[in-house]
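Notes follow the structure.
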Amino acid sequence: MADCIFCKIGNHEIPSNVVYEDEKLICFHDLDPQAPVHVLVIPKKHIESLDDVKDEDGQLMGHIMVTIKVIAEKLGLENGYRVVSNNGEDAFQTVKHLHFHILGKRKMTWPPG
Ligand code: 5GP
Ligand code: ZN
């Protein structure tokens, strides 16, 4: 999508600190980290939120889930980590391109704010 910041990161129009990349997804450090490790995993395909995931995206979604584990291992998150996806207004989704936050290297609290 032309004016989507995460699409631009996905196709390297905008630079980011890349942790992992393959043909379907990219993982990069968050600009405003909320934990000692805070990265974002996004599909390169523009999908606005989980509400917009279609049946045909099932393989892509599975690939993201499987790769999160690989990324967590690469980042040394053997003590645990949190995966968050904010969807829509109530969840305060600020970038309208599906993304999964991976947060780690500190104790998390529950419930989240
Ligand atoms: P949301 O609030 O939509 O769940 O998360 C969006 C995240 O994207 C925020 O944590 C924000 O810091 C991050 N972010 C927004 N713009 C950029 C950017 O241009 N580069 C990077 N690396 N992160 C960004
Ligand atoms: Zn996009």
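Quick note: the coordinates plus some simple rules give every number you see, no bench work behind them. Source: prediction; values computed, not measured. Note that each Cβ is placed from the backbone with ideal geometry, even for glycine, and that neighbours are counted across all protein chains shown.
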For the range 76-90, what does the Karplus curve 6.51 cos²θ - 1.76 cosθ + 1.60, with θ = phi - 60°, yield as ³J(HN,Hα) per residue in whole Hz, taken in order and with x for Gly and Pro?
x, 8, 5, 8, x, 6, 10, 10, 10, 10, 7, 10, x, 5, 5
If R0 is 35 Å, what FRET efficiency do you get for Gln34 and Glu56 from their C-beta distance, rounded to 0.05?
0.60
Can you work out the Karplus-derived ³J(HN,Hα) for every residue in the range 91-106? Use 6.51 cos²θ - 1.76 cosθ + 1.60 with θ = phi - 60°, whole Hz, and x for glycine or proline.
8, 6, 6, 9, 10, 8, 9, 3, 8, 10, 7, 10, 10, x, 6, 8
Please work out how much length the chain gains when fully extended from Met65 to Thr109, using 0.36 nm per residue of separation minus the C-alpha to C-alpha distance, in nm with one decimal.
13.6 nm
Orphan Cys of the chain, criterion: no other Cys C-beta under 4.7 Å:
Cys27
If you put +1 on each Lys and Arg Cβ and -1 on each Asp and Glu Cβ, how big is the dipole of the range 1-52 around its Cα centre, in Debye rounded to 20?
140 debye
Against the longest principal axis of the chain, how steep is helix 58-74, in degrees 0 to 90 to the nearest 10, with axes from Cα atoms?
30 degrees
Simple spin-label estimate for Thr94 and Asp22 in nanometres, 7 Å along Cα-Cβ
3.0 nm
So who's got an amide H within less than 5 Å of the one on Ile26, skipping anything under 5 residues away but keeping other chains? H placed 1.01 Å off N, in plane.
Ile42, Lys44
Calculated [θ] (222 nm, deg cm²/dmol) that DSSP helices of n ≥ 4 give over the chain, each run adding -39,500 (n - 2.57):
-6000 deg cm²/dmol
In terms of Cα to Cα distance under 18 Å, which aspartates and glutamates are near enough to Lys44, apart from those fewer than 8 places away along the same chain?
Asp3, Glu13, Glu21, Asp22, Glu23, Asp30, Asp52, Asp55, Glu56, Asp57
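Any chance you could tell me what percent of the C-alpha pair distances in the chain go past 18 Å? Could the numbers behind the result be given before it?
Numbers: 3095 of 6328 pairs.
Percentage above 18 Å: 49.
Assign unit charges at the C-beta atoms only (+1 for Lys and Arg, -1 for Asp and Glu), then state the dipole size of the chain relative to its Cα centre in Debye, rounded to the nearest 20.
Dipole about the Cα centre, nearest 20: 520 debye.
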Anything over 25 Å Cα to Cα? Flag those among Lys24/Lys74; Lys69/Lys105; Lys8/Lys54; Lys69/Lys107; Lys8/Lys107, in the order listed.
Lys8/Lys107
